[in-house]
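Undergrad: Can you keep this structure in mind? I'll have questions shortly.
Derivation of every value follows stated rules applied to the coordinates shown; laboratory data play no part. Note that the structure is predicted; figures quoted are calculated from it, not measured. Cβ atoms come from the backbone with ideal geometry, glycine included; neighbour counts cover every protein chain shown.
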Amino acid sequence: MNSMEAIETRYRTHSNGQLRRSDVGKEVKLAGWCHSYRDHGGLVFIDLRDRDGLTQLVFDADLCGQQTHDEARKIRSEWVISATGKVTERGEGLTNPKLPTGEIEVRVTSMEVLSVSPTPPFTPHETDPVNEERRLQYRYIDLRRPEMQQTLRTRYRTTKIMRDYLGDLGFWEIETPFLTKSTPEGARDFIVPSRLVPGSFYALPQSPQLFKQLLMVAGCDKYMQIVRCFRDEDPRADRQAEFTQLDVEMSFIDRENIITVMEGLLRRIWKEILNVEIPAIPHMPYDVAMSKYGSDRPDLRYGLELHDITDIAHTTDFAVFKNAKLVKCIVVPGGSKITRAQTDSWAEWSKGYGGKGVAVTKVTASGFDTGVAKFVTPVHAKIVERTGAKEGDLIAFVADQPKVVHKVLGELRLKLARDMQLKPSTEFAWVWVTDFPLFEYDEEEKRFVSTHHPFTAPLDEDLSKLESRDRAAVESIKSKAYDIVVNGSEVGGGSIRIHRMDVQQNVFALLGIDESAQKLKFGFLLDALQYGAPPHGGIALGLDRLIMILRGIGNIRDVIAFPKTQSGADLMCGSPSPIDERQLKETHIRIVAPAAKSVSQPPTPDVHDVVHKHAGGAGKP
Ligand code: ASP
């Protein structure tokens, strides 16, 4: 815990984490909350808390007088007081090595009660887990807990490092509007009705993407902003509808320049916050990530790589293998100890990822045993040679369309790492994933969608394919996008952008946005690209997710001061809530009874649904 020098005021001279043995003898004044109290009759002890720590106050009637002593006996949890006294060394055997202030105490001479409190719904030092709804309802008490204060401190320090580091490199922090037009990151917009233009709406930005690109056209050269983004999606453990990102854009650069700047920043953060060095971060093309780990955000802390055995599987008599487009497997070291009941349960589990099951077999000294052993025994030598499987291992196979094989085995890797509590090879496994496909084909909707967003540039060598209407050719176009991944979590993503109007128009056309829709939605961007746009690119890092990783916290609500619940509610202020008639009238809104919902037509997709496949989310820039 780093010490805070209190600003001297009439309430205090020092913070509660500040005093040490070297301060013994000083006359000090402290203020804070009553963390705990012990009444030993003659002596009253109070641990006084502020965000910096705890200091033990001692009330001795001989020193503070009977009246103050009597008042001290009435102090209860979370009362706020200010006390003057003398820093004294604690007696032999009475020091508390767990507290930085544990060698001293303050013997009080006078005290003022600044605020009283009824018994709080919970106390900041409660050891039993407090119900989360209660914590959110009384967030101001919850935030007093030392671990929450530590998280807020880490969050502040991280954003300060971001500003200092980028500021030194010549980045300007420039604000972009919150009341804006829909931006196409692929999620649903939050909308705000306009009072002045009846029937018109602003959208809250899903990210400042187009503004930061326009700032490059405007000659601002290097932009950064720590900015709130809004995506109207269901919250998840690592996603909030309202989240914060570090948004960055630079002119006259290539992918490597952005990667260098961002790596330098991440190194600085990890060093200053955790005292951990980040080694050189490997780059992995998207195709390799998918084929080896079944994911475009591979968790490289665990091996369990996917092996392609399609050619071998096709020579077996097992129909499921013989007829499958792709057959892959993972070898689970020591997996023979996984029970039959567990491996049987994977069939049902795999359905959640579009699979039809997971075939398994165990490797023994003499061959394969159980599961699909009978079918794969004839190709035993080949499988062992391809996969390196050893006695005591388990092999898990999936045979299906490539998308399904990768999804199911990719998820199985993670499940096994969790279920078997595998030891990670390193604390933080970083990787840049590069060379994403520019488009993905949406089978349901029968159209292309952007893998990142529609302003992402294709690789130069693929530019000519933008004119093609052949599905395979379009699917083979690679983009200049990159994601930064740590421990299987995508903490940032960005790209080199399209800075030529004709290229941007071609991309829109491939996404099925016709000329009039282009004008309507993106006219301002296309206009700007005509008037001298420099080559540019950028990235956004999800701040909430970074803090979760830095603090080892699994729940995004625990890294945000005032988060929303799963249903998007703020339990403390009670939002969302109805507005009054006058506000409705002013904003030209009439509430239709909710029942009308079931009879209304499903909305027709607009440009937003057309351009981006994956909805974003907290930290998913
Ligand atoms: N604007 C993107 C996002 O928030 C990030 C980027 O491309 O810089 O998803």
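Undergrad: What are the lysines whose alpha-carbon lies under 17 Å from the alpha-carbon of LYS374, with same-chain residues fewer than 8 places away excluded?
TA: Straight-line reach from LYS374, under 17 Å: LYS322, LYS362, LYS382.
Undergrad: A further question on this structure: How big is segment 410-478 on each of its three principal axes, counting only the C-alpha atoms and giving the largest first in Å?
TA: Reported extents, whole Å, longest axis first: 49, 29, 18.
Undergrad: Place a +1 charge on the Cβ of each Lys and Arg in the chain and a -1 charge on the Cβ of each Asp and Glu, then give the dipole magnitude about the Cα centre in debye, rounded to the nearest 20.
TA: On the way: 81 positive and 86 negative charges, 141 e Å.
For the chain, the charge dipole is close to 680 debye.
Undergrad: Further, regarding this structure: Excluding residues fewer than 8 places away in the same chain, name every one of the lysines whose C-alpha is closer than 20 Å to that of LYS465.
TA: Reachable lysines: LYS446, LYS478, LYS480.
Undergrad: Taking H placed 1.01 Å from N in the peptide plane, check which residues at least 5 places from SER36 or on another chain put their amide H under 5 Å from its amide H.
TA: ASP47
Undergrad: Still on this model: Compute, for segment 82-184, the length of the dipole vector about the Cα centre, with Cβ point charges of +1 (Lys, Arg) and -1 (Asp, Glu) only. Units Debye, rounded to 20.
TA: Value, rounded to 20: 200 debye.
Undergrad: Give me CYS64, CYS220 sorted ascending by neighbouring Cβ count inside 10 Å, so fewest comes first. Can you show the working numbers first?
TA: Working: CYS64 24, CYS220 17.
Starting with the residue having the fewest Cβ neighbours, the order is CYS220, CYS64.
Undergrad: To the nearest 10 degrees, how steeply does helix 340-351 sit against the main Cα axis of the chain, on a 0 to 90 scale?
TA: 80 degrees
Undergrad: Where Rh is the Kirkwood radius over the Cα pairs of segment 1-93, the temperature 37 °C and the viscosity 0.692 mPa s, what D in µm²/s does Stokes-Einstein return?
TA: Answer, rounded: 243 µm²/s.
Undergrad: Oh, and also: Nearest 20 debye, what's the magnitude of the dipole of segment 175-224 about its Cα centre given +1 on Lys and Arg Cβ and -1 on Asp and Glu Cβ? Walk me through the intermediate numbers first.
TA: Values: 5 positive and 4 negative charges, 20 e Å.
It comes to approximately 100 debye.
Undergrad: With a 10 Å radius around each residue's Cβ, average the other Cβ atoms per peptide and rank 562-575, 11-24, 434-447, 244-257, highest first. Don't skip to the end; give the middle numbers.
TA: Values: 562-575: 14.1, 11-24: 18.6, 434-447: 16.4, 244-257: 20.6.
Top of the packing list down: 244-257, 11-24, 434-447, 562-575.
Undergrad: Give the angle, between 0 and 90 degrees and rounded to the nearest 10, that separates the Cα long axis of helix 402-419 from the longest principal axis of the Cα atoms of the chain.
TA: Here the helix axis deviates by roughly 30 degrees.
Undergrad: I would also like to ask the following. What list of ³J(HN,Hα) values in whole Hz, one per residue of segment 478-495 in order, does the Karplus curve 6.51 cos²θ - 1.76 cosθ + 1.60 (θ = phi - 60°) give from phi, with Gly and Pro shown as x?
TA: 9, 10, 8, 9, 8, 10, 9, 10, 9, 6, x, 10, 7, 9, x, x, x, 6
Undergrad: With N set to the number of residues, divide the alpha-carbon radius of gyration of the chain by 2.2 N^0.38 Å and report two decimals.
TA: Details: Rg = 29.9 Å, N = 621, 2.2 N^0.38 = 25.3 Å.
Taking the Cα Rg and dividing by 2.2 N^0.38 Å, one obtains 1.18.
Undergrad: What area, in nm² and to one decimal, does the C-alpha convex hull of segment 218-297 cast on average over all directions?
TA: Working: hull surface 32.5 nm².
It is 8.1 nm².
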